[in-house]
Structure formats: structure tokens, C-alpha cells
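Asks: Starting off with a structure, shown below.
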Amino acid sequence: MGYRINRRKFLGTSAAAAAGTVASGLGGAASASPPGTSARAAGLAPEEGVGPFRKLVIRGGTLIDGTGAAPRGPVDIVVTDNRISQIRDVRDADRNRPPHDADHEVDATGMFVTPGFVDLHVHAGGPPKNALRYPYKLWLAHGVTTVRGVQLASNAHSVAERELSDRNEVVAPRIVNYQRPGAEWGQGPVNNADSARAWVQWARDNGVDGIKIRSGDHMRPDIMAALMDEARRRQLGTVAHLDQRGVEQMNAIQAARLGLGTVTHFYGHFESMLRPGEQLFPDDYNYSDEQVRFSQVADWVNKIHPVGGSQWRAYLDEQLQLGTVFDPTFNIYVASRDVVRMRTAEWHETYTLPSLWEFFRPSNDAHGSYYWDWGTEVETAWKKYYEVWFQLVRDYHEMGGRITTGSDSGFIYQTYGFAYIMELEMLRESGLDPLAVITAATRNGAKTIYEPMGIDDPPIGTVERGKLADILVVPGDPTANQSLDEWERRGGGFKSLYGTGHERVNPETGELERVGGIRWTIKNGVVYDAPSLLADVAAEVEEAKAAGGQA
């Protein structure tokens, strides 16, 4: 017998979010105020977030609301019991403007305010790579207030962590729990349509929010059809990594016709557009040889119908009609086109655990450490592959298809949090304009999580009245100034969101300086000081190095 869990609990309500809150009675800016007090999280240190508050005011920021609308401001944003209750245009600079009864204020003057980011593709790692909670502060420090674990960790662990996060009893983003078919139910493998349906029913009763398809066995048409149909009936979301072990019998368009919600990575797209007679894999292909496996991917685009041609358009048109979400995770394969860039990323020394670094290094044993002998020719092939992949995503976006953001960190030299910001940069590189990138990172991700549950208007993903207080305050304009030609634009853009900041020459002093980095992350009404979160991770890394590098 399974135990039934209310999986909608993580949606949050005004009452639940505010339960147990004790007003701190503090005024003034968050940067100058001592920590507030609340009963939200026994055992958490004050520097690990303050709130939630009866009334929180974010004053004077320029708002990018996540709907795709242009920035506007300055505005004051009033949060009452963890719900945005007012967005007020600021007509003057009077610091005594109402409301006057806030328990806590954040001074966002000169800064930008956006919705919290949604990462639709995460794993928490785990020993020996890293402790399961190591990613949490890195995600929050980079503005990620909601993660969809695919899977985060085991079902039991993910459910427990989700409950703690919902109650603000752990410093962590909101957690959405997707699991693979057969995970933890103890009734044998999912190997036919009946067991597929039975597992989905079990999952629904045991705290699972959605299904991640990865195994070639589960990509068998009869099993896939049963999983998709039962998931729809049980209001569970679906996402698939249609890998090489099963893509010959289930590519992206076939999966979408069965009801798949999200295609993650690139797997399944190009296989849906192969020219007649083309052989996807060479005769001596070995999936277990990861250098061959990952380098051979770059050859797929040489085997498809013409890019931008009628078959290309027909494929995207049908995906659009089916409502399929594309979650490309561009960042996780960057080392394939430039391994030196990722190996020498500036954040590794301070924020990458030595145990994680050891996992990243070329290895026959660690998944994703496939660059055993990676040189110019294979990188060149991957650069050409990215050009086609970028166009696929750009074309789908321009047709009205939904694009989202996912990081898949913890592999291939990608450190949690930092990789998510790189994903924003790469969506921009693919051709989405900056506001579209922010919409992909916020509203689109939220809708993708909540729509399978029958909720068309998510409680997160935009900064609007009635929404939960998942909000970021950032020093620089992540969209840059779009009124100027590209070559004239200054400022870090999305680069200014990295925890390491953006290096520039100060225009007044001529000295090099670091600017940017998210200033405050507000999740579920709790205000986190992003630099303090990063400092905690840096200390954890130093301790691990001193202890000999163990996670």
C-alpha cells in the first residue's frame, strides 16, 4: 500500500505561506535592516533568509514582469501575506510614500525586478559527486526559485525536501518532483502497458508530480502510450530525454502524438526529420563508449531534410499544434564545442566542490566526462550542430511554440546556478530577444509545470497582483538597452546575473571592477541575500578542500 500525498500542497496559499509568521516590525531597506524574525524555520540562521512577512514592500525598482511586456518603473511592489497585492507607479522620489506599515522593505532603487526563475531540468547530484543540498544555495543565488527535478533525487527524498521547502524550513527553491517509471514502487519493472498504468497510479498517490522518460524500454510504443495516457488522466506532467537506446522506435514527433508534454535536450528532434535511407548510427556504434556517443551526435544534422525546408516546417507546425514544449538545455553541451572554456570557467575555483571537479574530469566511468581526447575537429562539428539546433529553437519560438529554460547541471563542467545563467545567454544567442528569454525563464516554465495539473493561471512565473512572492532584485538591466544597435549596447545583460558578476572598466575611474550578481532572491515571501548565499557555498568548498575533497 502506498501513502497518499497531497502533491498540490507545494502550490502554496496565502494562509499557508504566512502561517506562523511573527512580524519583525522592521522598516528601512533590506540592505540596512537587521534580520527579521519569524517562526518559519526553527534551526535556520538569520542570514539564511528573513521572512515571510505580513507586509513586504520592494521599493523603486524597474519592473520586468515576465509577461513579455517592456520594462516599466520605477514601481513599488507590495506583498501581503506572500501575495503581490499592489504594484504602484512611483510618481516622486519621496521615501516616505505609502504604505507606511511594512514589516520589511527592500530598496530596489536603480535596480531591476523580475519574477523568480524556473529551472525545468535539474538533478541534485549526491555523493560522491556532491551533497544533495549543495546545489540549493547556488540555485537561489542565481535567481532560481523553482526547480523541476527530473529527478532531483529518490522519490522519498524529493518528497521530503519539497515539503520542507514549501514550509520554508530549508534554504531551497520550490521543488517539483518528477520520477522515472518504476522508481521505488517495489513491484518490479515497468515492462508492459499494464505495469506502466499501475506505476503512474502509484506515483500519483506517492507524491510524484510528473514523469521523466529516459529508458529505451519505456520508449516502446505500447508502454509510452500507456504512460502518456495515464499521466494525462492523473494530471501528471511528462518530459522525455529520447535517447539513442530507444529513439529508433520513439522520436520526438511520435512521442508528441502520444501526448508528451516536453522534449528536453535535442534528442528526438532531428531523428524525426531524417532523410529516407539515412542510417542514424554507424555500424560500429557503441552507446557505452561516451566519446563516440557524444561526438557522433554532431553528425545527425547532416542526415536530415534541408534546414528551413518544407519537412522542417511541417515538423515544427505539427509540434506547435500538439502544444509540445521545447526545453533545449543548450548549456549542458557547451564543452562539446569548447571544452577549454568550460574547464577554465572562472567560478570553479571558488564555487565548485573538489569532489564535483573530480567527477567532471575526463573519465571512462563518470557519465558526461566523455572528452577523453577532444580536439578541434569534433568541436568544429559541434559548433555547426549548434547553428542548426539554435535555428530549430528560434523557428519554433517565432511560430509561437513554447521555449523554456533548463540547466541539467552537475555534469560536463557545469556547476549548479552558474549553468542556468549560461542557459539564458545561449537562448539569447539562439535568436530570442532578451524579454523573450526572461519569459521563457519565468512564465513559460511556470505554465509548463502547472498546466498538466489543470491550472492554467500559475501562482508563480510573473510579477502581477495575486501572484506568490517569487521575485528577484538585480543591479543591472538583464535585457540591456534594446533601443540601441547591438554594437552600442553596454552593460552585462544576462552576464551580469552570474554570481561572479560582470567585469568592466569603470567609466569614471578607468579602473577594473566587478559589477552585478543578483542582489536579493525572494522565494515564497522569504528574502535571501544572494551574496551571502554565495559566501556560504564558498566556505563549504574551502572546507571540503581542507578535508581532502570529499563531498
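Asks: Would you mention how many residues in the range 285-328 are out of contact with any helix residue (DSSP H, G or I) (no Cβ under 9 Å at 6 or more places or on another chain) and among the hydroxyl-bearing types (S, T, Y)?
Replies: Residues in the range 285-328 being out of contact with any helix residue (DSSP H, G or I) (no Cβ under 9 Å at 6 or more places or on another chain) and among the hydroxyl-bearing types (S, T, Y): 2 in total.
Asks: Any idea which of (1) touching a residue at least 60 places away in the same chain (Cβ under 8 Å); (2) buried (at least 18 other Cβ atoms within 10 Å of the Cβ); (3) within 30 Å of T67 (Cα to Cα) is the one Y413 doesn't satisfy?
Replies: Only one criterion in (1) touching a residue at least 60 places away in the same chain (Cβ under 8 Å); (2) buried (at least 18 other Cβ atoms within 10 Å of the Cβ); (3) within 30 Å of T67 (Cα to Cα) is unmet by Y413, namely (3).
Asks: Looking at (1) more than 26 Å from Q291 (Cα to Cα); (2) under 17 Å from the mean Cα position of the chain (by Cα), which is the only condition S407 fails?
Replies: Of (1) more than 26 Å from Q291 (Cα to Cα); (2) under 17 Å from the mean Cα position of the chain (by Cα), only one is false for S407: (1).
Asks: Is there any pair linking a residue in the range 297-314 that is over 14 Å from G268 (Cβ atoms) and among the polar types (S, T, N, Q) to one that is surrounded by 13 or more Cβ atoms within 10 Å (Cβ to Cβ) and at pLDDT 95 or above, with Cβ under 6 Å and at least six apart or on different chains, and which?
Replies: Listed pairs, sorted by first residue: Q311/M273; Q311/H305.
Asks: For R54, only one of the following conditions fails: (1) under 24 Å from A441 (Cα atoms); (2) modelled with pLDDT of 70 or more. What is its number?
Replies: (1)
Asks: Within the range 325-352, how many residues are over 13 Å from S369 (Cα atoms), of a type in the set (V, I, T) and touching an Asp or Glu at 6+ places or on another chain (Cβ under 7 Å)?
Replies: Here the count works out to 1.
Asks: Additional query: I'd like the residue in the range 143-175 that is touching a helix residue (DSSP H, G or I) at 6+ places or on another chain (Cβ under 7 Å) and part of a loop (DSSP other than H, G, I, E, B) and, out of all such residues, is surrounded by the fewest Cβ atoms within 10 Å (Cβ to Cβ).
Replies: V170
Asks: Something else: What single numbered condition from (1) touching a residue at least 60 places away in the same chain (Cβ under 8 Å); (2) hydroxyl-bearing (S, T, Y); (3) within 24 Å of L120 (Cα to Cα) fails to hold for T350?
Replies: (3)
Asks: Take the conditions under 21 Å from the mean Cα position of the chain (by Cα) and on the phi > 0 side of the Ramachandran plot and apply them to T324. Does it pass?
Replies: Criteria not met by T324.
Asks: Which numbered condition trips up W139, out of (1) outside any helix (DSSP H, G or I); (2) in contact (Cβ under 8 Å) with a residue 40 or more places away in the chain; (3) under 12 Å from the mean Cα position of the chain (by Cα)?
Replies: Just one mismatch for W139, condition (1).
Asks: Checking L44 against (1) assigned to a loop (DSSP other than H, G, I, E, B); (2) modelled with pLDDT of 85 or more, only one condition comes out false. Which one?
Replies: The one condition L44 does not meet is (2).
Asks: I'd like to know if the range 476-485 contains one or more residues that are assigned to a loop (DSSP other than H, G, I, E, B), over 25 Å from R59 (Cβ atoms), in contact (Cβ under 8 Å) with a residue 24 or more places away in the chain and within 19 Å of the chain's Cα centre (by Cα).
Replies: No, every residue in the range 476-485 fails to be assigned to a loop (DSSP other than H, G, I, E, B), over 25 Å from R59 (Cβ atoms), in contact (Cβ under 8 Å) with a residue 24 or more places away in the chain and within 19 Å of the chain's Cα centre (by Cα).
Asks: Let me ask something additional. Based on what the data block shows, is G431 surrounded by 15 or more Cβ atoms within 10 Å (Cβ to Cβ) and either within 27 Å of G401 (Cα to Cα) or in contact with a Gly (Cβ under 9 Å, 6 or more places away or on another chain) (or both)?
Replies: Spelling it out, it is not the case that G431 is surrounded by 15 or more Cβ atoms within 10 Å (Cβ to Cβ) and either within 27 Å of G401 (Cα to Cα) or in contact with a Gly (Cβ under 9 Å, 6 or more places away or on another chain) (or both).
Okay, residues lined up against (1) surrounded by 13 or more Cβ atoms within 10 Å (Cβ to Cβ); (2) closer than 15 Å to I253 by Cβ:
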residue	(1), (2)
M273	yes, yes
P282	no, no
E290	yes, no
R293	yes, no
Q296	yes, no
I304	yes, yes
A314	yes, yes
Q321	no, yes
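Asks: Now for a separate question. Which of the residues spanning the range 73-97 are part of a strand (DSSP E or B) and without any contact (Cβ under 8 Å) to a residue 12 or more places away in the chain?
Replies: The answer is none; no residue qualifies.
Asks: Taking the condition of being more than 30 Å from Y178 (Cα to Cα) and part of a strand (DSSP E or B), how many residues in the range 98-123 meet it?
Replies: Residues that pass the stated criteria total 5.
Asks: Taking the condition of a type outside the set (D, E, K, R), out of contact with any Pro (no Cβ under 6 Å at 6 or more places or on another chain), surrounded by fewer than 23 Cβ atoms within 10 Å (Cβ to Cβ) and at pLDDT below 95, does P362 pass?
Replies: yes
Asks: Separate question: What residue, of L356, L424, is out of contact with any strand residue (DSSP E or B) (no Cβ under 6 Å at 6 or more places or on another chain) and surrounded by 23 or more Cβ atoms within 10 Å (Cβ to Cβ)?
Replies: Exactly one residue qualifies, and that residue is L424.
Asks: Under 6 Å between Cβ atoms, which residue pairs at least 6 apart in sequence (or on different chains) link something in the range 424-447 that is modelled with pLDDT of 95 or more with a partner that is assigned to a helix (DSSP H, G or I) and among the basic types (K, R)?
Replies: Between residues of the range 424-447 that are modelled with pLDDT of 95 or more and residues that are assigned to a helix (DSSP H, G or I) and among the basic types (K, R), the close pairs are S430/R394; G431/R394; V437/R428.
Asks: For the range 100-125, enumerate the residues that are farther than 25 Å from G461 by Cα and without any contact (Cβ under 8 Å) to a residue 60 or more places away in the chain.
Replies: H100, D101
Asks: While we're on this one: What number of residues within the range 369-410 satisfy the criterion of being farther than 30 Å from D317 by Cβ and either in contact (Cβ under 8 Å) with a residue 60 or more places away in the chain or assigned to a loop (DSSP other than H, G, I, E, B) (or both)?
Replies: Initially, the range 369-410 is screened for residues farther than 30 Å from D317 by Cβ, giving 369-380, 409-410.
From what's left, either in contact (Cβ under 8 Å) with a residue 60 or more places away in the chain or assigned to a loop (DSSP other than H, G, I, E, B) (or both): 369-375, 378, 409-410.
Within the range 369-410, residues that are farther than 30 Å from D317 by Cβ and either in contact (Cβ under 8 Å) with a residue 60 or more places away in the chain or assigned to a loop (DSSP other than H, G, I, E, B) (or both) number 10.
Asks: Give R214, R204 a once-over and let me know the one that is within 20 Å of G188 (Cβ to Cβ), among the charged types (D, E, K, R), surrounded by fewer than 23 Cβ atoms within 10 Å (Cβ to Cβ) and modelled with pLDDT under 95.
Replies: R214
Asks: Pick out the one residue from G517, G510 that is touching a Ser or Thr at 6+ places or on another chain (Cβ under 8 Å), in a loop (DSSP other than H, G, I, E, B) and not basic (K, R).
Replies: Matching residue, one of G517, G510: G517.
Asks: Looking at (1) more than 25 Å from S532 (Cα to Cα); (2) polar (S, T, N, Q); (3) not in a loop (DSSP other than H, G, I, E, B), which is the one condition that is false for T62?
Replies: If we test T62 against (1) more than 25 Å from S532 (Cα to Cα); (2) polar (S, T, N, Q); (3) not in a loop (DSSP other than H, G, I, E, B), just (1) comes out false.
Asks: Counting only residues that are in contact with a helix residue (DSSP H, G or I) (Cβ under 6 Å, 6 or more places away or on another chain) and either over 28 Å from Y351 (Cα atoms) or not in a helix (DSSP H, G or I) (or both), how many does the range 433-458 have?
Replies: Residues that pass the stated criteria total 1.
The values are calculated or read from the model by the stated rules, or taken from the named source; none is laboratory data. This one's a predicted model, so the numbers in the text were calculated from it and none came from an experiment. Neighbour counts run over all protein chains shown; Cβ positions are idealised from the backbone, glycine included.
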